[in-house]
Amino acid sequence: MGRKYFAANATDYTQKLADYAVDLKFGDIPAEVIERAKMLTLHTLGVALAAKPIELSDAAIKVAEAANGGKGGEASVWLGGDKLSMASAAFANGTLSDMLDWEDCAWAGHPNSGAIPAAMAVAEGLKKDGKAYLEAVVAALEVYQRVSMAVQPADDFDHNEGWAIANWQIFAASTPAAKLMGLTKQEMNQTFGASVLFAKMPSNLQQATMSNAYHYEYGITAQNGILAAMCAKNGVANLMDCFDIPNAYCEQLTKAVDRTWLDRSLDDRFYMMDILVKHWPANMWVQTPVELVDLLVKENNIHADDIAEIVVNPPTQYRMHFYEEGFESLMEAQFSIPYVIAAMLLDPKPGPNWYTPEMFKDPKLIEHAKKVKAGPDKEDTLLECFHIYQNGSHPEKTVTITMKDGTVYEKTQRTHKGHPLDMLTLDEFCDLFRREASFTLTPERTEEIIDFVLNLENVDDMSKIHELLV
């Protein structure tokens, strides 16, 4: 099992998780969990396809091709269908999956921008069947949920200090890659260890700069997850029990380590069912205010030009920024409640149309965004928001719209559409995918991909997805 030079806890959490990931079989997974894995696949594919008009999308694909030494390989880039190596395709598709910040949000991050690109690339590259792919996705999300919760920050943490969201993300990518490659339980354990070595350090750089490079983090993590599994498969020695050795992983991220999460309810609970799906292409904590404004506008036939003020109460930490001169980056816009509300008022149909260089400086958008104000209550910190979500609910928000004629409209919401307590139906997932795919695919091809995903358990060779992407 490998020699250890530092003392370990008298625990076997790492091996329990490894055993679980390897042993999980399609027949052990409830039907509703399989369906959710399909819907998460459909949505992740969709938001990547929707990213085609974004300039950085083309740049990300060019980076993947350059790292690959040119085109050629076993796995498809979802935009255009060119084939690259499994790792390079995962980089491209992982980046595209987060480009519009539209994918999902678990209790501590966006696992499907790692799990789906990595699982799809390896399943396609190794010509696995659809059941194997679905097993891998479920295993990925179950491992991810538990690892991420074991290393969440202490109650006195401030996100301004630098969060590790893209750090634990790697386990969502390495787990399905290792499972699809047929690694043993010991090799799965070593894959987790390699994931620690390849994981991003906690950092505040992206939040401090609001750089579009933030979206590359997810591609790099998807790629590194596959590389971690390849390293374990090809002879990594020792590197065992990363979750059990003090300071090997957990203590490096938090002073509030809770290892009991690592094997919590492995036999009877699928925590992936608690993953939220974003209804709007924006940061998670922007979702509810935008949803409320949309509902009020539709219910009361409100015209944006007639609005005097929009108050969001309580406001959310680091999410109320507004700039008279306009916005400079995707991330800056996607993380701004005023910006996204204004974009929705200008064009209620969501997508990359909200994030063009012209929209960033549009005088009408700036006019509407300027109307969005913080309410009087104490702001919700990001950590408080996550704690409420992790406890099965969501931060309650009230939006008050005051019209220029003095009329006041108000609405309160706790769980928006896409929250686990108000999940999209199958039809709503399909309709959302149709909107997302409309920026890239013909309606006919869109329906073919929907049919492919809805019937994944009957797919005998996942490489057939390539035919639907070119």
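The values are calculated or read from the model by the stated rules, or taken from the named source; none is laboratory data. Since the model is a prediction, treat every value here as computed from it, not as a measurement. Reconstructed Cβ throughout: ideal geometry from the backbone, glycine too, with neighbour counts over all protein chains shown. Areas reflect the complete protein model, heavy atoms only, side chains present, ligands, DNA and RNA absent. Shrake-Rupley method; radii C 1.70, N 1.55, O 1.52, S 1.80 Å.
Working ranking of peptides 45-51, 328-334 by packing, defined as the average number of other Cβ atoms within 10 Å per residue, highest first, is 45-51, 328-334. Where the accessible area of the stretch 311-373 is counted over protein heavy atoms with a 1.4 Å probe, how much of it, in %, is carbon and sulfur? Taking all protein chains in place, the stretch 311-373 shows 57 percent carbon and sulfur surface. For a paramagnetic label modelled on R269 (point 7 Å from Cα along Cα→Cβ), amide N atoms under 18 Å away belong, within the stretch 78-114, to 106-109. The angle between the Cα long axis of helix 426-437 and the main principal axis of the chain comes to about 80°, on a 0 to 90 degree scale. Other residues within the sphere of radius under 10 Å centred on the Cβ of N283, judged by their own Cβ, net out at +1 (K and R +1, D and E -1).
Modelled this way, with points 7 Å down the Cα-to-C-beta line, the labels at E467 and A7 are 6.1 nm from one another. For the stretch 110-127, the Karplus equation 6.51 cos²θ - 1.76 cosθ + 1.60, evaluated at θ = phi - 60°, returns couplings of 10, x, 6, 6, x, 5, 6, x, 5, 5, 5, 5, 6, 4, 5, x, 9, 6 Hz by residue, with Gly and Pro reported as x. For the stretch 1-141, please report how many Lys pairs fall under 27 Å Cα to Cα, leaving out neighbours fewer than 8 apart on the same chain. Lysine pairs meeting both conditions in the stretch 1-141 amount to 27. The slack between A308 and E444, meaning 0.36 nm per residue of separation minus the straight C-alpha distance, is 44.6 nm.
Give the residue from N247, C430, G130 lying farthest towards the positive end of the charge dipole for the chain; charges sit on Cβ (+1 for Lys and Arg, -1 for Asp and Glu) and the dipole is referred to the Cα centre. Farthest towards the positive pole: N247.
Per-residue Karplus couplings for the stretch 304-315, computed as 6.51 cos²θ - 1.76 cosθ + 1.60 with θ equal to phi - 60°, are listed in order as 4, 5, 8, 7, 8, 7, 10, 10, 10, 9, x, x Hz, Gly and Pro entered as x. Note: relative contact order over the chain, using C-alpha pairs below 8 Å and six or more positions apart, is 22 percent. The protection proxy used here, the mean number of other Cβ atoms lying within 10 Å of each residue, ranks peptides 386-393, 284-291 as follows, highest first: 284-291, 386-393.
Packing, taken as the mean count of other beta carbons within 10 Å per residue, orders the peptides 29-36, 224-231, 175-182 from highest to lowest as 175-182, 224-231, 29-36. Think of the stretch 235-299 as a dipole: +1 on every Lys or Arg Cβ, -1 on every Asp or Glu Cβ, centred on the Cα centre; then among V277, N238, L296, L296 lies furthest on the positive end. A simple spin-label model places the labels of R414 and H387 1.7 nm from each other, with each point 7 Å out along Cα-to-Cβ. For the stretch 358-437, lysine pairs separated by 8 or more sequence positions, or belonging to different chains, with Cα-Cα distances below 22 Å total 19.
FRET efficiency for the E428 to S203 pair, using the beta carbon distance and R₀ = 45 Å, is estimated at 0.80. For the stretch 328-378 versus the stretch 223-271, the spacing of their alpha-carbon centroids is 39 Å.
The mean sequence distance of close C-alpha pairs (under 8 Å, at least 6 residues apart), as a share of the length of the stretch 99-184, puts its relative contact order at 44 percent.
All other residues whose Cβ lies under 14 angstrom from that of M403 are scored, Lys and Arg at +1 and Asp and Glu at -1, for a net of -4. 3J(HN,Hα) couplings calculated from phi for the stretch 327-335 with the Karplus curve 6.51 cos²θ - 1.76 cosθ + 1.60 (θ = phi - 60°) are, in sequence order, 10, 10, 8, 3, 5, 4, 6, 5, 9 Hz; Gly and Pro show x. Near W163, the amide H atoms lying under 5 Å from its own belong to S203; only residues 5 or more places off or on other chains count, and H is placed 1.01 Å from N. Compute the angle between helix 55-67 and the longest alpha-carbon principal axis of the chain, please, reported from 0 to 90 degrees and rounded to the nearest 10. The two axes meet at around 20 degrees.
Calculated mean residue ellipticity at 222 nm for the chain: -14500 deg cm²/dmol, from DSSP H runs with n ≥ 4 weighted as -39500 (n - 2.57), summed, divided by the residue count and rounded to 500.
Between the amide H of L276 and those of C105, A106, distances stay under 5 Å, these residues lying 5 or more places away or on another chain, with hydrogens modeled in the peptide plane. The Cα center of the stretch 4-21 and the Cα center of the stretch 91-127 differ in position by 27 Å. With the simple model of a label 7 Å out from the Cα in the direction of the Cβ, K364 to N301 spans 2.1 nm. By the rule of a C-alpha distance below 13 Å, with chain neighbours fewer than 8 residues away ignored, the aspartates and glutamates paired with K200 are E217.
Computed over protein heavy atoms with a 1.4 Å probe, the accessible surface of the chain works out to 37 Å² per residue. The stretch between A66 and N458, if pulled fully straight at 0.36 nm per residue, gains 137.6 nm over its current Cα-Cα span.
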